[in-house]
Each structure stands twice: as structure tokens, then as C-alpha cells.
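Colleague: Below is a structure I'd like to ask you about.
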Amino acid sequence: MIEKMTPRQGARDAGDRLVADQASENPFAAAFKATRMPMLITDPHQADNPIIFCNRAFSDLTGYSREELVGRNCRLLQGEGTDMAAIARLRDAISEGRDISIDILNYRKDGAPFWNALFVSPVRDAEGTIRYFFASQLDFTNIKSKEAELARARHIAEEEVAERTADLTEALRAKTALVHEVDHRVKNNLLTIASILKLQARMTTDETVGRTLMSVLNRVEALSTVQRKLLNDEDVGHFDVADFAKTLIVDIVSALRRTDIVLTTDVHEVVVPATKASPLALIINELVGDAVRRGLSQSGGEIHLEVRRLNGHFLIRVADTVQPVTVDPEEEAFGFKMLEACCRQLRATMERRVTGDRTEVVVTLMVKD
Amino acid sequence: MKVLIVEDEILLAMELESEVEAAGHEIVGMAADSREAIALVEAAEPEFAFVDIHLLDGPTGIAVGQSLALREIPYVFVSGNVKRIPNDFAGALGAIEKPYTMNGLQNALAFIESYVNGHQPVLSPPPSLLLSPALGTFSGDAVAEPSADRP
């Protein structure tokens, strides 16, 4: 009586024959069975290239018993997350009889996925005909999940950086807007103060009141020019004394409308912190104002302005040659008082030399580089 | 010159008015928002205008300037934030930065007058007037243009 052979029976028989071919003391067969590396052999001469033999380690890895595996094609390990392109490469290698090493997502019997570093190699007989395929597996899920963890951590870090950058950009925008707003209000207030002084000066019939108001206006306007010249963009809170001084002296001297005034300047950029701007501006304003009072506005003359660094010092020199006229002593005393206060504020020294019609004032102070 | 003042701070507008009048000019209109200003550009036929950029109805001074430029009426911006002025100055002659000084304003006005009168300007632009790049550079003898020589 001949039993009809099922395909699974055929695979089992092929496996048995393979084992029977090996002498029981064959150390290679023993190693194959005992190794901790999951391994299997398939028979391409049977329909659908079934597993005909697999070791204990392979059963442990996949959760299938040897009985469940023999006679089945290896695709039973595939699942929904398995990359179809990888499967196609594997199939092509087998049909072309080539070795292939490929990473593939497989599934255990209980449905749990694992990353399989699969190696498949044909086994040929003495004539070179392919008899079997040998496959070994390596579960590298841990490595893969560490990679994913790293990628996730990096992603979170990147998100945090993006968020912080957005916060900082917004904070900077708000700060810039605030600086501009405050700057705008200060400018408007200074012009409003000047307008109030001018309005009252225009309305008064008392000459002394008018002169006093214009004297205050003159100092307020020096501060207005400071506010206009403060560097509030790239270099917040800094001030170029030379630029200010030149603007101030040209404004004052041009407005005198005298063709007999010779103005010369020798100014070099000196940038100081904004806190020093106002007293410095008032000093230059007083020095020029003094020359104007002593005769520049009446009979013309020469006036020279020098602003420069000198041996770690910062030097302002105003020299004039005028036909002296009588100066209101109160006004002159007030001007000197202003100069004295500003010099003390800056710890600056002032030296004033008068020789005939020529007056020279040198103010020096320390500046940090 | 017949001058239009566009400024939303009334006190500043009043003081500017008296400065301009003291220099011998006639004020033909004052406006605090762009609607008033543009109506005056048409009705008052100014020969020159001072235009603040931020008006009662927002940063509309630029639009006022454009309507002046369209009629070829010379004008300057008067603003605390000259960086807000477009690169082409919207056809303005230049800008006077706030807070201007009395001297600075008078010097700017003298230069503007010589320019508007159509003569080759005899004055150099004063530091108080930031010229539009479209005007190029002026050469002329200043009342008190400083030289780099020592006395």
C-alpha cells in the first residue's frame, strides 16, 4: 500500500534524509543544531522552496515549533510592516542563486515584530548544482530601537531648539520695538519741551524772560541733538562725539548767517557709552556758546573745533579768535557753572588759556577702549 | 513760499508755523491726518510742504508725500524715525529728523528755499537736512562750511 505523500511529508523526509546522510558524530551537524544563531535549510527542488530543517535557536527566535516550520516557505515570517522592496531583492537573489545579506522586518508567531539581519546562501553539490539554501538570522531589534530612540531624541531636541529660537527671536523683536518706542517718545517729548519754551519766549514782553527761556532752550536743544545722534540699532546705547560735535557747531555757526566767520574742524570718531553723551554734549555746547557770546555773533572771527583720541585720553579743543564784546556776567557765570558740573560728572579736566583776542579751551577725559 | 504743514502734534505744528513765518513764508494750510492733508494738497496749492510720517490716522505721511510728488510739489519729511522713510524717499527732497533744533530748522529752511526757487543752490545742505539720494550731491559755497584745515 502506497501512502500518498503530502508536500509537508516530503519536506520532512528530505530533512530526515539530509540528517541521515550525516554521520552521527559529524561535528558540523551537531554545531548546526546546537548553535545559538538561528539557522535553517530550504529545498528549492520542492514546490515553493520549503524549510526542510531548522535549529532550536530558530524556533526560539520565531516562536514556531520545528513541526510547524518544516514544509513552510519562509514568508510565513513576513507581515504588514515588511518592506516589499526588500522581499523582491531576496526573491531575485534566490532565483539567481546568489548570496544575499539583507535587513528585514519579520514577525514572531505571537505577532511581535523583530528586525532580522538575514543571510541566505545557496549550497551546491560537486557538479555545482544548487541543492539547498542555507539561511541564518540575527535579531537586531535592540539596535534598531536604539536608533529609533536616538532619532526621536534628536527630533525632540531639534523641536526644542526651534521653539527656543522662536522665543528668542520674538523677545528680540519685542526689545527692538520697545527701544524704538521709547526712543520715539523721548524725541517727541524733547521737541514738545522745546516748543513750550519757544511759545512762551515768543509771547513774553519781558526781554530778560525771553533771553532766559532761549538760554534754557539752547541747552534742551543740545540734548535733542544727542537723542537724534544716539546709535540705537546695531550699537545700542553708544554715541559718536565727533559726529555730534560737528553737527552742533555747523548748526550754530550757520544759523548766525555771518560771512565773516571762519569755521574749521579737525574731528575723529570717538564712540562713548550713552551715559556720557549728555554731559559731553553740554560741554561742547557751552564751549561753542561761549565763543558766540564773546563776539562771534557780532563781529565774526575764527573758530576751530578739535575732537580726537590722544594717548588713551579723549580731547576736545575749541579755539577762537574774536573781537571781544561785553558779556552778560550772569549768562557767562551760568555757562561756566554748566561746564564745571559736566566736567565733574565725567571726571574731566579743563584748561582755559586766553591770549589777547584768542581763547583756547582744552577738555580731556579718560575713555575705555 | 506758500507752505503746507502736515503734523499731528498741534503744539509742534504751531511752533513750526511761527518759525516758517518768521523766515518770511506764508502758511497756506495745516493738517493732522492724511485725508485733510491730501485735500489741502489739492485746494491750497502749496509750493512746499513739511510732512510728518506718523499722523492721526497712522503712518500715512508717506501717502501724503506721494500725492505731493504726483503734483510735483517739493516737500520734506519731518520724522523721529527717518529709517521708516522708503529708500527712494517717496519723491521727497529730504528729511528733517526730530527733535530738530531752531538753528537746524532755520538752516534747512534756507537751503530748501534756495532749492525751491529754482536757482542753483548757493548753500550746501546743512547737517539737519538729510537729502534724498535722488538729488545727488550739491556743490556750493556754504555760509560756514567747515574745512579740515587748522586755524
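The values are calculated or read from the model by the stated rules, or taken from the named source; none is laboratory data. Computed from a prediction, not measured in an experiment: that's the story for all the values here. All Cβ positions, glycine included, derive from the backbone under ideal geometry; neighbour counts span all protein chains shown.
Colleague: Looking only at residues that are charged (D, E, K, R) and more than 52 Å from the chain's Cα centre (by Cα) in segment A:216-260, which one is nearest to residue B:15 (Cα to Cα)? Steps first, answer last, please.
Modeller: Pass one, segment A:216-260, residues charged (D, E, K, R): A:219, A:221, A:228-229, A:233-235, A:240, A:243, A:246, A:251, A:257-258, A:260.
Still in the list and also more than 52 Å from the chain's Cα centre (by Cα): A:257-258, A:260.
Details: A:257: 21, A:258: 25, A:260: 30 Å.
It comes out as A:257.
Colleague: If you take the residues of segment A:308-324 that are surrounded by fewer than 20 Cβ atoms within 10 Å (Cβ to Cβ) and under 44 Å from the mean Cα position of the chain (by Cα), which of them is nearest to residue A:351 (Cα to Cα)?
Modeller: Out of the qualifying residues, it is A:315.
Colleague: Give me a count of the residues in segment A:44-70 that are of a type outside the set (A, V, I, L, M, F, W, C) and buried (at least 21 other Cβ atoms within 10 Å of the Cβ).
Modeller: Going residue by residue through segment A:44-70, those that are of a type outside the set (A, V, I, L, M, F, W, C) are A:44-46, A:48-50, A:55-56, A:59-60, A:62-68.
The next check asks that each one be buried (at least 21 other Cβ atoms within 10 Å of the Cβ); those that pass are A:50, A:55, A:62.
Selection size over segment A:44-70: 3.
Colleague: Check whether at least one residue in segment A:331-349 is of a type in the set (Gly, Ala, Ser), within 22 Å of residue A:222 (Cβ to Cβ) and surrounded by fewer than 12 Cβ atoms within 10 Å (Cβ to Cβ), and report yes or no. If you could, list the steps in order and put the result at the bottom.
Modeller: We begin by selecting, within segment A:331-349, every residue of a type in the set (Gly, Ala, Ser); these are A:333, A:335, A:341, A:348.
Those left that are additionally within 22 Å of residue A:222 (Cβ to Cβ): A:333, A:335, A:341, A:348.
Add one more test, that the residue is surrounded by fewer than 12 Cβ atoms within 10 Å (Cβ to Cβ), and what stays is A:333.
The answer is yes, given that some residue of segment A:331-349 is of a type in the set (Gly, Ala, Ser), within 22 Å of residue A:222 (Cβ to Cβ) and surrounded by fewer than 12 Cβ atoms within 10 Å (Cβ to Cβ).
Colleague: Among the residues of segment A:13-43, how many are among the acidic types (Asp, Glu) and assigned to a helix (DSSP H, G or I)? Even if it seems obvious, please write down each step before you answer.
Modeller: In the first step, residues of segment A:13-43 are kept if they are among the acidic types (Asp, Glu); the result is A:13, A:16, A:21, A:25, A:43.
Remaining after also requiring assigned to a helix (DSSP H, G or I): A:13, A:16, A:21.
Residues that pass the stated criteria total 3.
Colleague: Can you spot a residue in segment A:359-369 that is at pLDDT below 90, closer than 22 Å to residue A:242 by Cα and not hydrophobic (A, V, I, L, M, F, W, C)? Can you show your working first?
Modeller: First, the residues of segment A:359-369 that are at pLDDT below 90: A:366-369.
Within this subset, residues satisfying the condition of being closer than 22 Å to residue A:242 by Cα are A:366-369.
Among the residues that remain, those that are also not hydrophobic (A, V, I, L, M, F, W, C) are: A:368-369.
The answer is yes, given that some residue of segment A:359-369 is at pLDDT below 90, closer than 22 Å to residue A:242 by Cα and not hydrophobic (A, V, I, L, M, F, W, C).
Colleague: Could you check segment B:35-56 and list, in sequence order, the residues that are under 23 Å from residue B:81 (Cβ atoms) and either surrounded by fewer than 22 Cβ atoms within 10 Å (Cβ to Cβ) or in contact (Cβ under 8 Å) with a residue 40 or more places away in the chain (or both)?
Modeller: B:35, B:36, B:38, B:48, B:49, B:50, B:51, B:52, B:54, B:55, B:56 - these are the residues of segment B:35-56 that are under 23 Å from residue B:81 (Cβ atoms) and either surrounded by fewer than 22 Cβ atoms within 10 Å (Cβ to Cβ) or in contact (Cβ under 8 Å) with a residue 40 or more places away in the chain (or both).
Colleague: The conditions are (1) at pLDDT 95 or above; (2) at positive phi, and residue A:97 fails exactly one of them. Which is it?
Modeller: (1)
Colleague: Kindly provide the set of residues from segment A:254-290 that are in contact (Cβ under 8 Å) with a residue 24 or more places away in the chain and in contact with a Pro (Cβ under 8 Å, 6 or more places away or on another chain), ordered by number.
Modeller: A:262, A:263, A:264, A:265, listed by residue number.
Colleague: Still on this structure, I have one more. Give the residue that is farthest from the other protein chains (Cβ to nearest Cβ), with candidates limited to residues of segment A:186-215 that are over 22 Å from residue B:10 (Cα atoms) and in a helix (DSSP H, G or I).
Modeller: Selected residue: A:208.
Colleague: Considering A:192, A:225, which residue is among the polar types (S, T, N, Q) and without any contact (Cβ under 8 Å) to a residue 12 or more places away in the chain?
Modeller: Selected residue: A:192, the only one of A:192, A:225 that is among the polar types (S, T, N, Q) and without any contact (Cβ under 8 Å) to a residue 12 or more places away in the chain.
Colleague: Moving to a separate point now. Considering only segment A:291-307, state which residues are in contact (Cβ under 8 Å) with a residue 60 or more places away in the chain and surrounded by fewer than 24 Cβ atoms within 10 Å (Cβ to Cβ). Don't jump to the end; show me each part of the working.
Modeller: Quick first cut of segment A:291-307, residues in contact (Cβ under 8 Å) with a residue 60 or more places away in the chain only: A:291, A:294, A:305, A:307.
A:294 - this is the single residue of segment A:291-307 that is in contact (Cβ under 8 Å) with a residue 60 or more places away in the chain and surrounded by fewer than 24 Cβ atoms within 10 Å (Cβ to Cβ).
Colleague: State all residues of segment B:62-112 that are out of contact with any helix residue (DSSP H, G or I) (no Cβ under 7 Å at 6 or more places or on another chain), of a type in the set (S, T, N, Q) and modelled with pLDDT of 95 or more; if no residue qualifies, say none.
Modeller: none
Colleague: Buried (at least 17 other Cβ atoms within 10 Å of the Cβ), touching a strand residue (DSSP E or B) at 6+ places or on another chain (Cβ under 8 Å) and acidic (Asp, Glu): which single residue out of B:21, B:7 fits that description? Steps first, answer last, please.
Modeller: Values: B:21 fails: buried (at least 17 other Cβ atoms within 10 Å of the Cβ).
Result: B:7 is the single residue among B:21, B:7 that is buried (at least 17 other Cβ atoms within 10 Å of the Cβ), touching a strand residue (DSSP E or B) at 6+ places or on another chain (Cβ under 8 Å) and acidic (Asp, Glu).
Colleague: Has segment A:354-363 got any residue that is outside any strand (DSSP E or B) and farther than 24 Å from residue B:129 by Cβ?
Modeller: Yes, because at least one residue in segment A:354-363 is outside any strand (DSSP E or B) and farther than 24 Å from residue B:129 by Cβ.
Colleague: If we scan segment A:108-127, do we find a residue that is part of a helix (DSSP H, G or I), assigned by TED's automatic domain parsing to the domain that holds residue A:48 and not β-branched (Val, Ile, Thr)?
Modeller: Our first condition is that a residue be part of a helix (DSSP H, G or I); within segment A:108-127, this holds for none.
No: zero hits.
Colleague: Which residues, counting only those in segment B:99-122, are touching a residue at least 60 places away in the same chain (Cβ under 8 Å) and either surrounded by 23 or more Cβ atoms within 10 Å (Cβ to Cβ) or among the hydrophobic types (A, V, I, L, M, F, W, C) (or both)?
Modeller: B:102, B:105, B:109, B:110, B:112, B:116
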